[in-house]
Ligand code: SIN
Ligand code: FE2
């Protein structure tokens with residue numbers, strides 16, 4: 001980790017957020033021309049939907065998935081499912097360019113062995129938000145989370161191991177990638193209400209891809 005922090009200190013596009021957590025500014029920009037068409041074909045096979053939490057709340061963020069498993073929620077709980085409950089079919093495969101981006105970002109952040117099998121796709125319209133939570137439905141917490149931001153900018157809140165810990169706020173823009181793992185793998189994080197705006201390629205929305213090793 002010391003080596004990683006030394007490297008980060010020399011590169012202004014890398015920001016250390018906590019031990020094990022790094023913000024890689026613009027890391028996805030060189031491959032956006034591959035990512036956006038792949039995303040379109042994934043959501044053609046598994047359309048965005050607003051899922052319901054176990055408490056009966058309809059999420060403001062619309063979601064889809066690709067990979068061997070997808071994160072889902074309904075009245076019976078949160079889980080990873082190999083099939084899309086809307087279509088009854090397996091989720092679309094993880095596009096090769098998604099996998100390459102996620103593993104490269106993880107490697108850059110000090111996790112050279114990351115092999116994601118799930119990618120949750122979040123779509124935020126203006127006003128949509130994701131309250132503070134931990135990503136803890138995955139089987140292996142030794143593997144990091146890799147999160148890719150596309151479209152409208154958002155504020156990302158990154159806290160600590162307890163919900164009541166203070167949060168730091170990061171402005172995430174199109175192409176930014178956040179990786180968290182190791183000591184910060186279970187840190188609370190969230191996205192407050194997305195501000196309205198217009199992004200030159202995605203229009204009035206933000207898309208976030210989070211890669212996980214779930215199964
Ligand atoms: C998530 O926590 O699943 C998404 C975070 C984000 O949209 O940046
Ligand atoms: Fe999350």
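Quick note: the coordinates plus some simple rules give every number you see, no bench work behind them. Small disclaimer: the values here were computed from a predicted structure and weren't measured. Neighbour counts run over all protein chains shown; Cβ positions are idealised from the backbone, glycine included.
Below is a table of values for the structure above.
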| item | result |
| --- | --- |
| FRET efficiency for residue 155 and residue 19, using Cβ-Cβ distance with R0 set to 22 Å, rounded to 0.05 | 0.50 |
| For segment 2-212, the Rg and Dmax computed from alpha carbons only, in angstrom | 16.1, 49 |
| Helical contribution to [θ] at 222 nm, DSSP H n ≥ 4, -39,500 (n - 2.57), averaged over the chain, rounded to 500 | -5000 deg cm²/dmol |
| Principal-axis tilt of helix 96-108 within the chain, Cα atoms, nearest 10 degrees | 30 degrees |
| Full-extension gain in nm, residue 33 to residue 81, via 0.36 nm per residue minus C-alpha separation | 14.4 nm |
| Simple label model, 7 Å out from Cα along Cβ direction - residue 140 to residue 201, nm | 3.0 nm |
| Alpha-carbon centroids, segment 130-149 and segment 171-213: separation in whole Å | 12 Å |
| Where labels lie 7 Å past Cα in the beta-carbon direction, separation of residue 10 and residue 131 in nm | 4.5 nm |
| On Cα atoms only, tilt of 32-45 relative to the major axis of the chain in degrees | 30 degrees |
| Sorted by Cβ density within 10 Å, fewest first, the residues 189, 133 | 133, 189 |
| Viscosity 0.890 mPa s, temperature 25 °C, Stokes-Einstein D of segment 145-215 from Kirkwood C-alpha radius, µm²/s | 189 µm²/s |
| Sequence of 170, 124 once ranked by neighbouring C-beta atoms within 10 Å, starting from the fewest | 170, 124 |
| 41, 60, 164 arranged by Cβ crowding within 10 Å, fewest neighbours leading | 164, 41, 60 |
